[in-house]
Amino acid sequence: MNIENKLNTIRKNHGPWTAHNLELKPGIFTIKPDIPDRAQRRAQLYAGLTRTLLKLPNLYGLRVLDLGCLEGGISIFLAQSGADCTGIDVRPQHIIKASFSAEVMGLKHKCKWIQGDVTDQNLWKRLNKFDLVICSGLLYHLDEQNIISLLKNLHKYSTSNGLTIIDTNIAASAQECFESDKGKSFWGCRFQEHPPERSEKDRLATDWSSFANNEAFWLTERSLTNCLITSGFGTVLKPLYPYHEWGHQTRDVWVAFPGPSDPNGLPLRIDPDQRPIDHPALNKKC
């Protein structure tokens, strides 16, 4: 196979790579040699957090589920580190690019690719449990009808001693809320993904966006935590170091463990948070 010819054919038929700048072979990149690969830096963070929190010497044999995998860069990096990865994305052009990259890089046996909608319950019935579930750059594309059902599936398909990594945008303030079927309130803000008149075909062709919904709901940090707990997780952590810094303050990484909580029986976090920002005594001295 002439890699550069095949690469150019895929670009012509399915559009250019927009997210993951992989070095397929020495000097041959999916985007350009001088473009930093943010996906690799995120994958390095996820790998390090997994080794530390699960007390693993390496990732060999670790079963990884990569939701909304785009062009496969995160899964491919983890596969290079020994993990067995399953990447899911709704857009066929992403799966074609991911599959091509994994094959060229000699990782076809370590990567499985599935084209599908993560909000489709029939998709989940085809899956087994995973030691590491990655939901990176996906949650903030969903509407309130699908957020909780997705988080429940993340918990259901995580092994009892595994972990889930959520890398997402959040709402800076609690502007409006929705209620779950159990009467729990979750706060955040709405985000316009597509104009109402955009067809399903055009939504599918639009990278870095939702598929089935025109509006998304961004949770506040407290409501994200509460959603994870009500979905079955027992512990939610936010690593401050090591980290991956985005260009805005409302995107970060959270890690969720299947449970149980210790101590257990705590109420959910209060949202909106009405506490004063500063300690009461601070203004008296400053």
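Work out, step by step, the length gained on full extension between ILE3 and SER173: first 0.36 nm times the residue separation, then minus their alpha carbon distance; give nm to one decimal.
Length gained, ILE3 through SER173: 56.4 nm.
Lysines within cross-link reach of LYS12: Cα-Cα under 18 Å, excluding same-chain residues under 8 positions apart?
Leaving aside lysines fewer than 8 places away in the same chain, those within reach of LYS12 are LYS32, LYS97.
As a test of the formula, what do you get for the chain when each DSSP H run with n ≥ 4 contributes -39,500 (n - 2.57) and the sum is divided by the residue count, at 222 nm and rounded to the nearest 500 deg cm²/dmol?
For the chain, the value works out to -8500 deg cm²/dmol.
For a quick check: with amide H placed at 1.01 Å from N, whose amide H comes under 5 Å from SER136's, ignoring anything fewer than 5 positions away on the same chain?
LEU67, ASP167
Calculate the FRET efficiency for ILE35 and ASN264 from the Cβ-Cβ distance with a Förster distance of 35 Å, rounded to the nearest 0.05.
0.15
Give me the lysines in straight-line cross-link reach of LYS182: C-alpha distance below 27 Å, same-chain residues under 8 apart excluded.
Reachable lysines: LYS125, LYS129, LYS152, LYS156, LYS238.
List residues of segment 121-153, by number, whose backbone nitrogen lies under 20 Å from a label position 7 Å along Cα→C-beta of ASP181.
Under cut-off, by backbone N: 121-126, 142-153.
Can you work out ³J(HN,Hα) from phi for every residue in segment 229-238, in order, using Karplus 6.51 cos²θ - 1.76 cosθ + 1.60 and θ = phi - 60°, giving whole Hz and x for Gly and Pro?
5, 5, 8, x, 6, x, 9, 10, 10, 10
Per residue, what accessible area does the chain have, given a 1.4 Å probe and all protein chains present, in Å²?
Solvent-accessible surface per residue comes out at 52 Å².
Counting only the heavy atoms of the protein chains, how much of LEU45 is accessible to a 1.4 Å probe, in Å² to the nearest 10?
10 Å²
Which net charge results for the neighbourhood of SER223, defined as the other residues with beta-carbon distances under 15 angstrom from its beta-carbon, given Lys and Arg at +1 and Asp and Glu at -1?
Local net charge: -2.
Non-local amide H neighbours of GLY234 (under 5 Å, H modeled in plane, Pro and chain starts lacking H): which ones?
Here the answer is PHE257, GLY259, since their amide H atoms fall under 5 Å of that of GLY234.
What length, rounded to one decimal in nm, is gained on full extension from GLU23 through to LEU237, with 0.36 nm per residue of separation minus their alpha-carbon distance?
73.8 nm
Each residue of segment 153-164 in order: what ³J(HN,Hα) in whole Hz does its phi give by Karplus 6.51 cos²θ - 1.76 cosθ + 1.60, θ = phi - 60°, with x for Gly and Pro?
So the J values, rounded to whole Hz, are 5, 4, 5, 4, 9, 9, 5, 4, 10, x, 8, 10.
So what J values fall out for segment 210-215 if you push phi through Karplus, 6.51 cos²θ - 1.76 cosθ + 1.60 with θ = phi - 60°, rounded to Hz, Gly and Pro as x?
For segment 210-215, the Karplus-derived couplings read 6, 10, 8, 10, 8, 10 Hz, x marking Gly and Pro.
The values are calculated or read from the model by the stated rules, or taken from the named source; none is laboratory data. Please read all numbers here as calculations on a predicted model, not as lab measurements. Heads up, the Cβs are rebuilt from the backbone with ideal geometry, glycines too, and the neighbour counts pull from every protein chain shown. Heavy atoms of the whole protein, side chains included, go into the accessibility calculation; ligands, DNA and RNA do not. Shrake-Rupley method; radii C 1.70, N 1.55, O 1.52, S 1.80 Å.
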